[in-house]
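Visitor: My structure is below; once you've seen it, I'll send some questions.
Read-outs throughout are calculated quantities, based only on the coordinates presented, and are distinct from any laboratory measurement. Everything quoted here is computed from the prediction, not taken from an experiment. All Cβ positions, glycine included, derive from the backbone under ideal geometry; neighbour counts span all protein chains shown.
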Amino acid sequence: MLLNKKEQLMLEGKEGKAVKKAMEILVALGKIYSAKRMIRITSAQISGVSYKNLGDEGIDFLKEFLRDIKVKVLTTLNPAGMDLKNWKEFFVPKKFAKKQLKIIKIFENAGIETSCSCVPYLIGNVPKFQEHISWSESSAVIYANSVLGARTNRESGISALCAAITGSTPEYGYHLDKNRKANFLIDVSKVKLKRESDFSALGYLIGKKIQQGVPYLKGIEKRDATLENLKLLGAAMAASGGIALYHIEGITPEAKKFGNKIFSKKIEKVKIESLDEGYKNLNFNSDTKKVDLVSIGCPHASLQELEKISKLLEGKKLKSELWISTSRSIKKIAEKKILLRKIENSGAKVIADTCIIVSPIEKLRFKTMATNSGKMAFYAPSYCNLKVKFGPLEKCIDVAINGVWKS
Ligand code: F3S
């Protein structure tokens, strides 16, 4: 691999042990994937922040690795294992909270923004078209690649951290034009795509069907391709398959700019005509109608989603717990707009900095959950030992009000 003088000096240890180690890891990665050189990145986003994933060994590693280190580019964190301020309200064990706060402090000392969100693109970490970045949250990776036209591989927490420390990443995979071409042409023109859960179910079906590759979707109306719908579509696709980039005809930036030139020479045609299998599979383990917890905000809710939820909750009181996950900064804006009070008046809770999947939820009393997110429905049974009901937002809110899932 060709390294410039600065990169070579980092590799030789002229900037200290941690920078040397980070560069060694990136160069090794580059060699595995036959990268020819390193490229500068403008931002990094790091997953694997929760104490649930890291454990004590992870804390020891981070403490040592990030000692006296400052990251070189704008770097943000994925959700932690708890709301960093109101963790007691969400029944998080004290021992867990102490360890989680320690992890956050280590990242903070390294100059990393502890915004703890899976939607960095809604809160200030917004890469431009064709900008190279190193992100690791799969739903954020697919959003950045597809909707913003930025360029990142689906990094691990550690490779994104190394990129943050050196300010660079090896040039391979989705950083190169040739790998961003579509090799699946997916016709969805017969599918009714109206509600956000329809986009989740569609994403789940595409991921399950093609597993790897770059799908080009045909048949999505511009008016339906809202930020929120695309956020849910990509998150589900990246959960049921290893997909990190999609294009939508006439909508996503590369499809608009390059038209048919974005097709690979060999392109497989796939038709999806119904979402029934998606809805059925995402409800696969739920044999009960009683729902203990309703979870909205996977990926983290936007302000528009909070506005919609507050309208649905107006004048209502809840029978089930309703937790809405969002970023700390969106929660603050909601507070200023009195949206937060309107939501909380019903008994619902807006939870910041975290995600149910990486929280110690399995230690709490919940057995069944309802959600409008395909990604949440896909992971919650295995990661959180929960039975899951999946459906549209309106239905999930109705469940929180009535405590039961009506078929
Ligand atoms: Fe975000 Fe957690 Fe969903 S990281 S995308 S809320 S599984």
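Visitor: In nm, give the distance between the simple-model label positions of VAL270 and LYS290, each being 7 Å from the Cα along the Cα-to-Cβ direction.
Guide: Inter-label distance under the simple model: 3.9 nm.
Visitor: For segment 1-69 and segment 269-295, compute the distance between their C-alpha centroids and round to whole Å.
Guide: Here the answer is 40 Å between Cα centres.
Visitor: Using +1 on the beta carbon of Lys and Arg, -1 on that of Asp and Glu, and nothing else charged, what's the dipole of the chain about the Cα centre, debye to 20?
Guide: So the magnitude is around 180 debye.
Visitor: Then there is this: Once you have the Cα-Cα distance between TYR383 and LYS36, take 0.36 nm times their residue separation minus that, and quote the gain in nm to one decimal.
Guide: Net length gain for the segment: 121.1 nm.
Visitor: Projecting each Cα onto the charge dipole of the chain (Lys/Arg +1, Asp/Glu -1 at the beta carbon, about the Cα centre), which of THR326, ALA163, LEU29 comes out farthest on the positive side?
Guide: The listed residue farthest towards the positive side: THR326.
Visitor: To continue, here is another question. For GLU268, enumerate residues with amide H under 5 Å from its amide H, sequence gap 5+ or separate chain, H modeled in the peptide plane.
Guide: Here the answer is PHE184, LEU185, since their amide H atoms fall under 5 Å of that of GLU268.
Visitor: With a 10 Å radius around each residue's Cβ, average the other Cβ atoms per peptide and rank 303-309, 141-147, 47-53, highest first.
Guide: Descending mean neighbour count gives 141-147, 47-53, 303-309.
Visitor: Another one. Taking a spot 7 Å from the Cα of SER329 along the direction of its beta carbon, which residues of segment 124-143 have an amide N less than 15 Å from it?
Guide: 124-128
Visitor: Just the number, please: percent antiparallel of the DSSP beta bridges in segment 279-372, rounded to the nearest 5.
Guide: Counting only bridges with both partners in segment 279-372, antiparallel ones make up about 0 percent.
Visitor: Using DSSP, restrict attention to beta bridges with both residues in the chain and report what percent are antiparallel, rounded to the nearest 5.
Guide: If we restrict to bridges inside the chain, about 10 percent are antiparallel.
Visitor: Also, quick follow-up: Fewest first, what order do ASP177, ASP83, ASP224 take by the number of other Cβ atoms within 10 Å?
Guide: Ordered by Cβ neighbours within 10 Å, fewest first: ASP177, ASP224, ASP83.
Visitor: Treating the beta-carbon of each Lys and Arg as +1 and of each Asp and Glu as -1, no other charges, what is the dipole magnitude of segment 193-279 about its Cα centre, to the nearest 20 debye?
Guide: That gives segment 193-279 a dipole magnitude of about 440 debye.
Visitor: Using the Cα centre of the chain as origin and beta-carbon charges of +1 (Lys, Arg) and -1 (Asp, Glu), tell me which of ILE186, PHE107, CYS396 is placed farthest towards the positive end of the dipole.
Guide: Positive-end residue among those listed: CYS396.
Visitor: Assign one of three labels to segment 366-407, namely rounded, prolate or oblate, based on the Cα gyration tensor with a ≥ b ≥ c the square roots of its eigenvalues; rounded applies when a/c is under 1.5, prolate when it is not and a/b is larger than b/c, and oblate otherwise.
Guide: oblate
Visitor: Sticking with this one: Helix hunt in the chain: which complete DSSP H runs extend at least 24 Å axially by C-alpha with mean Kyte-Doolittle at least -1.0?
Guide: For the chain, where a helix must reach 24 Å along its axis and average at least -1.0, there are no hits.
Visitor: Return the subset of LYS231/LYS395; LYS36/LYS102; LYS308/LYS389; LYS36/LYS231; LYS6/LYS98 for which the Cα-Cα distance in this structure is over 27 Å, preserving the input order.
Guide: With Cα atoms farther than 27 Å apart: LYS36/LYS102; LYS36/LYS231; LYS6/LYS98.
Visitor: Using a ≥ b ≥ c from the Cα gyration tensor of the chain (square roots of the eigenvalues), is it rounded, prolate or oblate, where a/c under 1.5 gives rounded and otherwise the larger of a/b and b/c decides, a/b for prolate?
Guide: Taking the square roots of the gyration eigenvalues as a ≥ b ≥ c, the chain is oblate.
Visitor: Okay, next question. Taking the Cα centre of segment 262-407 as origin, work out the dipole magnitude from +1 charges on Lys and Arg Cβ and -1 charges on Asp and Glu Cβ, in debye rounded to 20.
Guide: Using Cβ point charges on Lys, Arg, Asp and Glu, segment 262-407 gives about 200 debye.
Visitor: Find how much the distance from LYS85 to GLU314 grows on full extension, using 0.36 nm per residue of separation minus their present alpha carbon separation; answer in nm with one decimal.
Guide: Taking 0.36 nm per residue and subtracting the Cα distance, the gain is 79.8 nm.
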